[in-house]
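The values are calculated or read from the model by the stated rules, or taken from the named source; none is laboratory data. Just so it is clear, the structure is predicted and the values come from calculations on it, not from any experiment. Note that we place each Cβ from the backbone using ideal geometry, even for glycine, and neighbour counts take in every protein chain shown.
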Amino acid sequence: MTRLAALLVLSASPALASESPAPIAELEPQFADGEMAPTSEIGPRRGYFMEIGFRSRYVFVPDSILDIWYFNEDDPGWALPGQKRPDMRGYALGLEYVVKGDSANGIFYFEYINSLMKEGYWDDVEEPADHGDGDYLVPTDGLGLLTFGADYAYELHFVTTAQTNGQFGLSFLVGGGLGVAAMLGHLDRWGPAGGVPAYVRHEADPDNPDEEKRIPKVYPMVDINAGLRFNFGDRVVLRVEGGLHDLLYMGGSLGLMF
């Protein structure tokens with residue numbers, strides 16, 4: 001019986017040896033454009049990447065838009081010669097979590113937007129002009145927005161990491177999304193009273209505002225984004241982008257892909 005078993009094993013050996021193993025490329029998950037996903041990091045059942053990153057943005061409202069609603073220092077009759085109307089601007093810092101397919105990207109973010117607006121006089125546009133009926137506003141320390149939301153971005157590949165042996169990739173992304181922003185801090189307001197302009201009343205008594213400026217505490221956050229994505233070694237990701245984040249913005253994010 002032992003000899004018979006040995007003969008069977010020997011007779012089967014050439015057949016086994018003649019079967020070639022499946023090519024490694026067939027076992028590796030691939031994206032639709034042929035870009036390989038590293039098998040050491042992504043199992044054969046997962047056809048997408050994930051990213052964790054840090055984002056920063058500069059947000060602002062252009063003077064040309066503010067000029068629609070408020071006079072500025074260049075208008076005839078401006079009440080405070082030598083003083084500019086304040087700018088509406090700030091910077092945002094936050095974290096991102098990204099789920100990335102071949103062309104579809106889901107971007108989830110959480111961030112803090114710090115206001116850089118200084119105190120000053122806001123004189124609303126009317127006809128005929130009355131340069132003494134504006135408000136003097138002073139932002140409190142910590143004025144800003146706490147935001148979170150989700151964006152979708154469609155990706156157009158220019159150079160894939162498969163074409164550069166995993167060294168470099170470049171693509172264009174465009175998309176948008178929605179979020180929620182909660183106001184932190186407030187604006188102290190001095191208004192005109194008894195024929196006395198707000199800026200005179202503030203100068204005379206800067207510690208006693210009339211009230212807090214009435215503005216909503218919660219805002220919808222509308223995103224429209226476009227930018228470039230750089231891949232370095234299928235691990236490090238840099239996005240440079242601009243668009244609308246309730247305010248206009250320019251900025252970028254740096255993350256790790258796995």
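I need the full set of residues from region 210-244 which are surrounded by fewer than 20 Cβ atoms within 10 Å (Cβ to Cβ), of a type outside the set (Val, Ile, Thr) and not in a strand (DSSP E or B), in order please.
Asp210, Lys213, Arg214, Pro216, Lys217, Gly233, Arg235
Within region 60-88, which residues are crowded, with 16+ Cβ neighbours inside 10 Å and either among the β-branched types (Val, Ile, Thr) or under 30 Å from the mean Cα position of the chain (by Cα) (or both)?
Result: Phe60, Leu66, Tyr70, Arg85, Pro86, Met88.
Which numbered condition in (1) charged (D, E, K, R); (2) under 17 Å from Trp190 (Cα atoms); (3) modelled with pLDDT of 95 or more is the only one that Glu155 fails?
Here Glu155 clears every test but (2).
Show the residue pairs meeting these rules: Cβ distance below 7 Å; 6+ apart or different chains; first residue within region 177-202 and at negative phi; second residue assigned to a helix (DSSP H, G or I).
Trp190/Ala198; Trp190/Arg201; Trp190/His202; Gly191/Ala198; Pro192/Ala198; Ala193/Arg201
What number of residues within region 68-105 satisfy the criterion of being assigned to a loop (DSSP other than H, G, I, E, B) and among the basic types (Lys, Arg)? Walk me through it before giving the result.
So the first thing to find is which residues in region 68-105 are assigned to a loop (DSSP other than H, G, I, E, B), and the list is 68-69, 71-88, 101-103.
Of the ones still in play, those that are also among the basic types (Lys, Arg) are 84-85.
So the answer is 2.
Considering only region 107-127, state which residues are part of a strand (DSSP E or B) and not charged (D, E, K, R).
Listed by number, the residues that qualify are Ile107, Phe108, Tyr109, Phe110, Tyr112, Ile113, Asn114, Ser115, Gly120, Tyr121, Trp122.
Only one residue in Gly82, Gly142, Gly120, Gly77 is touching a helix residue (DSSP H, G or I) at 6+ places or on another chain (Cβ under 9 Å) and closer than 30 Å to Asn208 by Cβ. Which one?
None of the other options fit; the residue is Gly120.
Go through (1) farther than 20 Å from Leu95 by Cα; (2) in contact with a Phe, Trp or Tyr (Cβ under 9 Å, 6 or more places away or on another chain) for Ala181 and report which single condition fails.
Result: Ala181 passes all but (1).
Any chance you could count how many residues in region 51-67 are assigned to a loop (DSSP other than H, G, I, E, B) and within 18 Å of Gly243 (Cα to Cα)?
Matching residues across region 51-67 total 2.
Limited to region 234-246, what total is found for residues that are within 18 Å of Phe54 (Cβ to Cβ) and of a type outside the set (Lys, Arg)? I'd like the intermediate steps shown before the answer.
Here is the first cut: in region 234-246, the residues within 18 Å of Phe54 (Cβ to Cβ) are 235-242, 245.
Cutting the leftovers down to of a type outside the set (Lys, Arg) gives us 236-238, 240-242, 245.
Within region 234-246, residues that are within 18 Å of Phe54 (Cβ to Cβ) and of a type outside the set (Lys, Arg) number 7.
If you take the residues in region 112-133 that are of a type outside the set (Phe, Trp, Tyr) and touching a His at 6+ places or on another chain (Cβ under 9 Å), which one is farthest from Leu95 (Cα to Cα)?
Asp123
For every residue, the table says whether it meets (1) buried (at least 19 other Cβ atoms within 10 Å of the Cβ); (2) out of contact with any Pro (no Cβ under 9 Å at 6 or more places or on another chain); (3) not in a strand (DSSP E or B).
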| position | (1), (2), (3) |
| --- | --- |
| Ala129 | no, no, yes |
| Asp133 | no, no, yes |
| Leu137 | yes, no, no |
| Asp141 | no, yes, yes |
| Val174 | no, yes, no |
| Ala181 | yes, no, no |
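Suppose we filter Pro220, Pro197 for residues that are more than 23 Å from Tyr97 (Cα to Cα) and either in contact with a Leu (Cβ under 8 Å, 6 or more places away or on another chain) or not basic (Lys, Arg) (or both); which single one remains?
Pro197
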